[in-house]
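Engineer: Before anything else, here's the structure in question.
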Amino acid sequence: MSPAAYLFAALQLIGGLALLYCGGERLVFGAARLAVVLGIPPLVVGLTVVALGTSTPELAVTVQAVISSTADVGLGNVVGSGIFNILVILGIAAWLQPLEVSARLVRYEVPLMIVVAAGLWGLSSRKNLGWLEGATFLIALLFYMSWLVTQARREHTQFRQSLESEVVPQAPGSWAGPFAAVVFCAIGITLLWIGSEWTVSGAVRLARLAGVPELVLGLTLVAAGTSLPELATSLAAAIKRNADICVGNVVGSNILNVVAVLAPACLLAPGGLAVNEQLLRLDFPTLLGASVLCFPVFWSGGRIDRVEGGLFIVVYAGYILALAAEATRSANFLLWTNLFVLGFVPASIAAALLWALTQQFYRRSK
């Protein structure tokens, strides 16, 4: 194939990801301003419009992949984004600045993130995600939103302020009236629509030119690209020493990326979304393992230090190696996958749990 074909596909993919980022940001801004103008409380705005808005790049790409009959790109994008959010974004953020973790994340959101990851793996065991699974995700989304609002009302003021700061963007300015807010929403939706089409088309074209499975491209480049909003928000929050926003952004995004993105995708797909065997063998277990790994890491001393951030990055590097073995179908690739899923990931969780117990024992003995 000519270099021009590769260049065009790569530029289409990069341009699509850039439009997704800009479109998602404009849609979140416009929708939040419109809701505030209409008199909706800021916390409710954050828990609904803005929280869902941060998942719009993943949603746009996944729905476009369904429309284009390339389910591997869509599912790979959702699963790959979840893995990238935890292992790369939190790993880099912790290296920049050790992150304090609030107790409520350990008590509430992390167990829920684990349940969602396990549920996705379990529901996918039939190798098809149809309308029944889509309805299940939709019900889970409604319960999650209701639970957040209920918790915010019951908990103390600090909880509400912390939660609100995580999901409500700081966008002051009386000039942003109803008309301007609607214009921003329209611009955001347009950019998302064009960006999703470019991203999926570019990814599929590049995968076919390079001989790389579409699923692998969805799990890596597309997933990393659609996680740009989470990456930008988390790194900025880490630099500003606002750990609640950094960690809460990642955990909340992982929950919403499954229940909010896959719900419409499953309901729209004729005959449901076919689940690739590799997802069941490698990627779903990795997403669940990364989610479980968060629990001992967050619990140990109530913070993510640089050593634990390094552990996240090392696990992601191991995942990329296993993914490369799967993609190239190298000799004994199943052995490498099993060593990673059944050996390296559980060993990392055990090491993190041992470290957490040591930290807890040390703190109590002081």
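The values are calculated or read from the model by the stated rules, or taken from the named source; none is laboratory data. The structure presented is a predicted model; accordingly, all values stated were derived computationally and were not measured. Please note: Cβ atoms are built from the backbone with ideal geometry, for glycine as well, and neighbour counts cover all protein chains shown. Calculation scope for accessible area: heavy atoms of the full protein, side chains included, ligands and nucleic acids excluded. Shrake-Rupley method; radii C 1.70, N 1.55, O 1.52, S 1.80 Å.
Engineer: With (1) open to solvent by less than 50 Å² (accessible area, probe 1.4 Å); (2) modelled with pLDDT of 80 or more; (3) not hydrophobic (A, V, I, L, M, F, W, C) as the list, and Thr136 as the residue in question, which single condition is left unmet?
Structural biologist: So Thr136 meets the others, but not (1).
Engineer: Quick test for you: out of Glu214, Glu197, pick the one residue that is open to solvent by 10 Å² or more (accessible area, probe 1.4 Å), in contact with an Asp or Glu (Cβ under 8 Å, 6 or more places away or on another chain) and in contact (Cβ under 8 Å) with a residue 40 or more places away in the chain.
Structural biologist: None of the other options fit; the residue is Glu214.
Engineer: With the condition kept exactly as written, say whether any residue in the range 75-97 is crowded, with 24+ Cβ neighbours inside 10 Å and at pLDDT below 85.
Structural biologist: The answer is no, given that none of the residues of the range 75-97 is crowded, with 24+ Cβ neighbours inside 10 Å and at pLDDT below 85.
Engineer: Can I ask one more? Tell me which of these Thr220 doesn't satisfy, since it passes every other one: (1) over 28 Å from Leu87 (Cβ atoms); (2) modelled with pLDDT of 80 or more; (3) not aliphatic (A, V, I, L, M).
Structural biologist: (1)
Engineer: Applying the selection to the range 229-270, what residues are modelled with pLDDT of 70 or more, hydrophobic (A, V, I, L, M, F, W, C) and under 18 Å from Val101 (Cα atoms)? Spell out how you get there, then give the answer.
Structural biologist: We begin by selecting, within the range 229-270, every residue modelled with pLDDT of 70 or more; these are 229-232, 234-235, 238-239, 241, 246-270.
This time we only want the ones that are hydrophobic (A, V, I, L, M, F, W, C), so: 231-232, 235, 238-239, 246-247, 250-251, 255-256, 258-263, 265-269.
Once the filter is applied, which keeps residues that are modelled with pLDDT of 70 or more, hydrophobic (A, V, I, L, M, F, W, C) and under 18 Å from Val101 (Cα atoms), the range 229-270 yields Leu231, Leu235, Ala238, Ile239, Cys246, Val247, Val250, Val251, Ile255.
Engineer: Hey, another quick one. So, in the range 298-317, of the ones that are small (Gly, Ala, Ser) and crowded, with 20+ Cβ neighbours inside 10 Å, which residue ends up nearest to Gly91 (Cα to Cα)? Outline the logic, then answer.
Structural biologist: We begin by selecting, within the range 298-317, every residue small (Gly, Ala, Ser); these are 300-302, 309-310, 317.
Okay, now just the ones that are also crowded, with 20+ Cβ neighbours inside 10 Å, so 300, 309.
Working: Ser300: 15, Gly309: 4 Å.
Across the range 298-317, the extreme among qualifying residues is Gly309.
Engineer: Hey, another quick one. Determine which single condition Gly309 fails, assuming it passes every other condition in (1) in contact (Cβ under 8 Å) with a residue 40 or more places away in the chain; (2) more than 20 Å from the chain's Cα centre (by Cα).
Structural biologist: Gly309 satisfies every listed condition except (2).
Engineer: Right, another one. For the range 98-108, enumerate the residues that are open to solvent by 10 Å² or more (accessible area, probe 1.4 Å) and touching a residue at least 60 places away in the same chain (Cβ under 8 Å).
Structural biologist: Our first condition is that a residue be open to solvent by 10 Å² or more (accessible area, probe 1.4 Å); within the range 98-108, this holds for 98, 100-104, 106-108.
Across the range 98-108, the qualifying residues are Pro98, Glu100, Val101, Ser102, Ala103, Val106.
Engineer: Of everything in the range 318-353, what is of a type in the set (S, T, N, Q) and open to solvent by 40 Å² or more (accessible area, probe 1.4 Å)? Give them in sequence order.
Structural biologist: Thr328, Ser330, Asn332, Asn338
Engineer: If I ask for residues that are touching a residue at least 12 places away in the same chain (Cβ under 8 Å) and open to solvent by 10 Å² or more (accessible area, probe 1.4 Å), which ones from the range 110-125 would you list? Even if it seems obvious, please write down each step before you answer.
Structural biologist: Within the range 110-125, the first condition is being touching a residue at least 12 places away in the same chain (Cβ under 8 Å), and the residues that meet it are 110-114, 116-121, 123-125.
If the condition is that a residue be touching a residue at least 12 places away in the same chain (Cβ under 8 Å) and open to solvent by 10 Å² or more (accessible area, probe 1.4 Å), then Pro111, Leu112, Ile114, Val116, Ala118, Gly119, Trp121, Leu123, Ser125 are the ones that fit.
Engineer: Pull up the range 266-297, narrow it to residues that are in contact with a strand residue (DSSP E or B) (Cβ under 7 Å, 6 or more places away or on another chain) and at negative phi, then point me to the one that is most open to solvent (accessible area, probe 1.4 Å).
Structural biologist: Restricting attention to the range 266-297, the residues satisfying the condition of being in contact with a strand residue (DSSP E or B) (Cβ under 7 Å, 6 or more places away or on another chain) are 266, 272-275, 297.
Cutting the leftovers down to at negative phi gives us 266, 273-275, 297.
Working: Cys266: 2, Leu273: 8, Ala274: 59, Val275: 12, Val297: 1 Å².
Here the answer is Ala274.
Engineer: Since Leu357 meets every condition but one in (1) touching a Cys at 6+ places or on another chain (Cβ under 7 Å); (2) surrounded by fewer than 22 Cβ atoms within 10 Å (Cβ to Cβ), which condition does it not meet?
Structural biologist: Unmet condition: (1).
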